[in-house]
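The values are calculated or read from the model by the stated rules, or taken from the named source; none is laboratory data. For clarity, every value in this text was computed on a predicted model and none was experimentally measured. All Cβ positions, glycine included, derive from the backbone under ideal geometry; neighbour counts span all protein chains shown. Surface accessibility is based on the protein's heavy atoms, side chains included, excluding ligands, DNA and RNA. Shrake-Rupley method; radii C 1.70, N 1.55, O 1.52, S 1.80 Å.
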Amino acid sequence: MKADTLMIHYGELSTKGDNRKAFITCLLHNVRVALKKFGLPCHADRDHIYVQLGEEDPRPIIARLKEVSGIQRISVVMKTAPQLEEMREGVLQLLKEENKETFKIDVKRVDKRFPLDSYGITCDLADYVLDHSDYAVDLHQPGAKVKVTLRSDAAYLSCHEELGLGGYPLGMIGKVTMMLSGGIDSPVAAYALIRRGIKVECLHFASPPYTSYAVVDKLKDILVCLNDYQPDIKLQIVPFTKIQEAIYESVPEPYCITVMRRMMIRIAVAMAKKNKALAVATGESIGQVASQTLESIGVIEEVTNFPILRPLCVEDKLSIIEQAKRLGTYEISIRPYEDCCTIFKPKRPKTKPKLEDAKFYESKFDYETLIQECLQNIETIYISEGKEVEGK
Amino acid sequence: MTYLDFASSTPPRSEVLDRFAELNRESFANPSSTHALGREAERKLEQERKTLLDLFGVGASHRAVFLSSATEGNNLALKGVALQYSNRGKKILVSSTEHPSVIEPLDYLANTYGFEVIRIPVDSLGRVLPETLQGLMDKDVILVSVMGVNNETGAVNDLAALSKIVHAYPKAFFHSDLTQAIGKTDVPYKDLDLFTFSAHKIHGLKGVGALVLRSSIRLVPSFHGGGQEYGFRSSTVSLPLAGSLVKAVALSLKEQKKSIAHVSALRDVLLEGLQEKGMVLNSYPEGCPFVVNFSLPLHKASVIVEGLSQRGIYVSSLSACSSKTDQVSYVLLAMGKSKEEAGNSIRVSLDGSTSLEEVESFLNNLSALLLEVRPR
C-alpha cells in the first residue's frame with residue numbers, strides 16, 4: 001500500500017447546481033493541460049479529480065496544481081479496499097511514515113451502508129494504532145492527522161493536504177479584455193481575474209516614439225509570469241500615437257487624461273466585442289491617481305454601457321505591491337520604461353472633471369476616424385507556456 | 001539597418017573571430033601548466049604580449065596585463081597605483097569628463113581610503129587645457145588621469161603636453177583611458193605611464209581588454225590567487241581572447257590613417273547637416289571625427305532616439321523616456337552647457353565602415369522626426 005494518488009477537491013462547486021458537469025469537465029481539461037509534462041493519468045468523478053502519481057514525486061505536481069483555478073484543496077491519498085482490515089494497516093503505515101508522537105483520526109463515511117458509523121470506525125482504527133505503536137492520541141494539537149474518506153468503492157487515507165487557488169476553472173465563465181499598461185497594478189488585476197476562472201486577453205496602448213518599444217518586451221515578460229495561471233495569453237498592441245497627439249492639440253491640459261481614458265475605453269470596448277469578450281477590465285484602484293477618482297471614473301465610463309471590471313478597485317497600493325511581488329511581476333513592472341511619456345503628462349490633471357466639458361473638448365477633433373484607424377492597425381502577440389509563439 | 005553607435009560597441013572582424021577560434025583549437029592548455037602543451041601556450045601568450053607592446057611602440061619600457069574590459073583596467077590601474085603609492089601622497093587629479101569606470105573607483109578611494117580626488121575642469125569644448133592642469137599640480141599629487149578621447153563628445157586631450165606637465169613631478173603617474181582613442185587619433189603611447197582600453201570598441205571581442213603600464217610600476221593586485229599577469233591580476237589567462245585583442249589592435253592601427261580620413265569627411269557632412277537643422281553642436285571640428293554629439297533645442301532626446309530606432313537607425317542618448325530616470329550628461333554640464341542641453345543630447349558615432357548614404361539617411365530621418373514629434 002502506498003500514498004500514490006492525488007485527490008483534487010473542487011472549488012466553489014456547491015453553489016453551481018446544474019453547472020456541475022461543465023465545471024468538472026473544464027477543470028479536468030485544465031488539470032490535464034497543467035500536468036501535461038508529467039504525463040500522469042487523471043480522471044474525475046462527481047466529487048474529486050484523481051491523479052495517479054505512480055513513482056512521481058508529488059511535490060512539483062502539487063506546486064503546479066496550486067496554480068490552477070477551481071481547486072479548493074489537494075491531498076496526497078492512499079487508496080485501500082473499503083474494509084476495516086486494510087484501513088487499519090493503511091492508517092498505521094501513514095502514521096509511521098509521519099512518525100510524530102501524537103495523532104488524530106478523522107473519518108468521513110460517505111457510504112452510509114457501512115456497518116459502523118464514523119465514530120465507531122474512528123475508535124476501531126485508533127485502537128489498532130494504539131495497540132501497534134507508541135503513539136498517543138491528541139485531539140487538539142495532533143502531531144499527525146489522518147483523514148479517512150470511506151466510499152462504496154474504496155477508502156481514501158491522507159495525512160497531507162494543501163490549499164488551491166479556489167475560484168472557478170479557467171475559461172468556464174468567459175473571457176475579458178484586460179487593459180495592460182505595464183505598471184504594477186494591471187498584472188495583479190489580471191491575476192485576480194484568472195484566479196476567479198475568467199480568461200484574460202490583454203490590450204496595450206502604445207505611443208511610439210514617445211514610449212519605447214521596450215515596454216512591449218516588458219509586457220511579454222509579465223505575461224510569461226501569468227502563463228503559470230493561464231497557459232495561453234493574447235496581447236494586442238493599439239497604435240495610439242495619433243490620438244494622443246490629437247488630444248494634446250485640441251484639449252486643454254487638465255482634461256487631456258480624462259479624454260485620453262475615454263478614447264482608450266472606446267477602443268477597448270470595440271476590441272472586446274470583436275474578440276467576443278464579455279467585459280473590459282482595468283487595474284484601476286479608486287482614488288490612486290487623477291483619472292481614478294470616482295468623479296473621473298464616472299465621466300470616463302460614460303462612453304459605454306459595456307461592463308467594465310476593476311478587480312483592484314478597493315485594494316490599497318501596498319497590498320497590490322505585495323501581490324505583484326508574490327506573482328513575480330513587480331520587478332518587471334518597475335523597469336524604468338514608462339507606459340506614458342512625460343511629454344503627455346499634464347502638470348495638473350483634473351480630479352473632478354465635468355462630463356459636459358469632456359464631451360465638448362473631444363468634439364473638437366474627429367476621434368471616430370482616428371479610432372477606426374487604430375482598430376485596423378492592431379498588432380497581435382501570443383504568449384504561450386512561457387514564450388512568444390506564432391499567431392494562431 | 002543603419003548602425004551609428006560604434007562608440008558603444010562594434011561588430012567583431014572576421015580576422016578577430018578566426019584568430020580566437022584558431023587559438024582555441026590549437027592551444028587550449030593552461031599557460032601556467034608546466035608540461036609541453038602548457039609551455040607552448042605560454043610561449044604564444046608572451047608572443048601576443050610582445051606584439052601588442054610593439055604595436056604601441058613601447059616594447060622596451062612597458063608591460064601589458066590582459067584583463068576583461070576597460071572598466072577592469074581602469075579599476076586596476078587607479079586603485080592599484082593609489083593604494084601601492086599612498087605613502088607618497090594622497091592627492092589624485094582627474095578630468096571632470098571621465099567615464100564612470102574612472103570616476104567611480106576614484107570616488108571609492110576618496111570615500112574609503114581618504115584620498116583627495118580633485119576634478120580638473122575642462123574648457124567649453126570639453127578639453128583639459130595644459131595650463132589648467134599645471135595650475136592644479138603640486139608635489140602631493142601621485143596620480144593624474146585624463147582620457148584620450150571623450151566617449152560622449154569626441155573631445156581630444158593633448159596627452160603629450162599633459163604628460164609632460166605631470167612628469168615634471170617625479171612622484172606622479174599619468175594614466176589615460178584610451179578606450180575611444182585607439183585607432184581613432186594619434187596617441188603618444190610612450191609618454192603614458194599607464195593606459196587602458198577594451199577590444200570590443202575596435203572590432204574585437206567583448207570580455208577582453210588590456211592595461212599597459214611602465215615596467216617599473218607596481219600595483220596592489222585586483223585579484224589574489226595564482227599570481228598570473230605579474231601578480232596584478234590572478235586568473236587563468238585566456239590566450240584566445242588575448243590573441244583576438246592583439247589582432248583587433250593591429251588591424252585598427254594599420255587602418256587608422258585611412259579610416260580617419262574617411263570618417264572625417266562623413267563627420268563634416270554630419271556637422272553641417274546638424275547645424276542646418278538648428279541643432280546645438282557639442283562636438284567641435286578639430287575633435288575626434290568618430291564621435292559627434294549634439295543637443296536638441298526643442299525635442300526630448302529619448303523620444304527622437306526611439307523614433308530613429310523604429311526606423312532602423314541606431315544612435316545613443318543618455319536618458320530613457322521616463323520622468324523618474326531623466327538623466328543629464330555630466331560631461332556636457334562640465335563644458336558649461338545648460339541643463340536642457342545636457343539632458344537632451346544625442347551621440348552619433350561613426351566607423352571606417354560607415355557610408356555617406358547612412359549618414360544622409362540619418363540626417364533625413366532626423367529631419368522627418370523633428371517635424372513629426374511633439375516638442376518637449
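For B:ALA110, are the conditions met, namely being hydrophobic (A, V, I, L, M, F, W, C), surrounded by fewer than 23 Cβ atoms within 10 Å (Cβ to Cβ) and at pLDDT below 95? The answer is no for B:ALA110. Against the conditions (1) open to solvent by 70 Å² or more (accessible area, probe 1.4 Å); (2) of a type in the set (A, V, I, L, M, F, W, C); (3) free of Cβ contacts under 8 Å to residues at least 24 places away in the same chain, B:MET1 satisfies every one except (3).
List, please: which pairs have Cβ atoms under 8 Å, are six or more places apart or on different chains, and start with a residue in segment B:72-89 that is open to solvent by 30 Å² or more (accessible area, probe 1.4 Å) and end with one that is hydroxyl-bearing (Ser, Thr, Tyr) and modelled with pLDDT of 95 or more? Sorted first by the residue in segment B:72-89, then by its partner, the pairs are B:ASN75/B:SER101; B:LYS79/B:TYR108; B:LEU83/B:TYR113; B:SER86/B:TYR113. Considering segment B:284-376, the qualifying helices (runs of 4 or more DSSP H), each wholly inside and each with 2 or more residues that are more than 14 Å from every other protein chain (Cβ to nearest Cβ) and out of contact with any Gly (no Cβ under 7 Å at 6 or more places or on another chain), run over B:330-334, B:339-343, B:356-372.
Cβ separations smaller than 9 Å between residues 6+ apart or across chains give the following pairs from segment B:10-39 residues that are in a helix (DSSP H, G or I) to residues that are loosely packed, with under 14 Cβ neighbours inside 10 Å: B:LEU37/B:PHE28. Can you tell me which residues in segment A:121-153 are more than 33 Å from the chain's Cα centre (by Cα) and open to solvent by less than 20 Å² (accessible area, probe 1.4 Å)? Of everything in segment A:121-153, those that are more than 33 Å from the chain's Cα centre (by Cα) and open to solvent by less than 20 Å² (accessible area, probe 1.4 Å) turn out to be A:ILE121, A:LEU125, A:ALA126, A:VAL129. Of the residues making up segment A:48-72, those that are out of contact with any Leu (no Cβ under 9 Å at 6 or more places or on another chain) and either polar (S, T, N, Q) or open to solvent by 40 Å² or more (accessible area, probe 1.4 Å) (or both) are A:GLU55, A:ASP57, A:ARG59, A:PRO60, A:ALA63. Screening A:THR369 with (1) over 30 Å from B:ASN344 (Cα atoms); (2) modelled with pLDDT under 95 gives one miss only, at (2).
From the list B:THR196, B:THR179, the one residue that fits, being assigned to a loop (DSSP other than H, G, I, E, B) and either out of contact with any Gly (no Cβ under 9 Å at 6 or more places or on another chain) or not hydrophobic (A, V, I, L, M, F, W, C) (or both), is B:THR179. One residue is enough: does segment A:12-29 have a residue meeting the conditions aliphatic (A, V, I, L, M), modelled with pLDDT of 90 or more and loosely packed, with under 14 Cβ neighbours inside 10 Å? No, the conditions are met nowhere in segment A:12-29. Applying the criterion of at least 1 residues that are more than 30 Å from the chain's Cα centre (by Cα) and among the acidic types (Asp, Glu) to the helices (runs of 4 or more DSSP H) found wholly in segment A:272-368 leaves A:355-362. Counting only helices (runs of 4 or more DSSP H) that sit completely within segment A:1-105, those holding 3 or more residues that are free of Cβ contacts under 8 Å to residues at least 24 places away in the same chain and under 29 Å from the mean Cα position of the chain (by Cα) correspond to A:20-34, A:58-65.
Of all the criteria given as (1) buried (at least 24 other Cβ atoms within 10 Å of the Cβ); (2) under 23 Å from the mean Cα position of the chain (by Cα); (3) within 14 Å of chain B (Cβ to nearest Cβ), the one not satisfied by A:MET179 is (3).
Here B:LEU219, B:LEU241 are screened, and the one residue that is among the aliphatic types (A, V, I, L, M), open to solvent by 20 Å² or more (accessible area, probe 1.4 Å) and touching a Gly at 6+ places or on another chain (Cβ under 8 Å) is B:LEU241. Restricted to segment B:222-238, and to residues there that are surrounded by fewer than 19 Cβ atoms within 10 Å (Cβ to Cβ) and touching a residue at least 12 places away in the same chain (Cβ under 8 Å), the residue that is farthest from the chain's Cα centre (by Cα) is B:GLY226. Whether any residue in segment A:209-219 is more than 14 Å from every other protein chain (Cβ to nearest Cβ) and either under 12 Å from the mean Cα position of the chain (by Cα) or within 20 Å of A:VAL33 (Cβ to Cβ) (or both) is what I want to check. No, that holds for no residue.
For A:PRO208, the criteria (1) in a loop (DSSP other than H, G, I, E, B); (2) free of Cβ contacts under 8 Å to residues at least 12 places away in the same chain hold in every case but one, which is (2).
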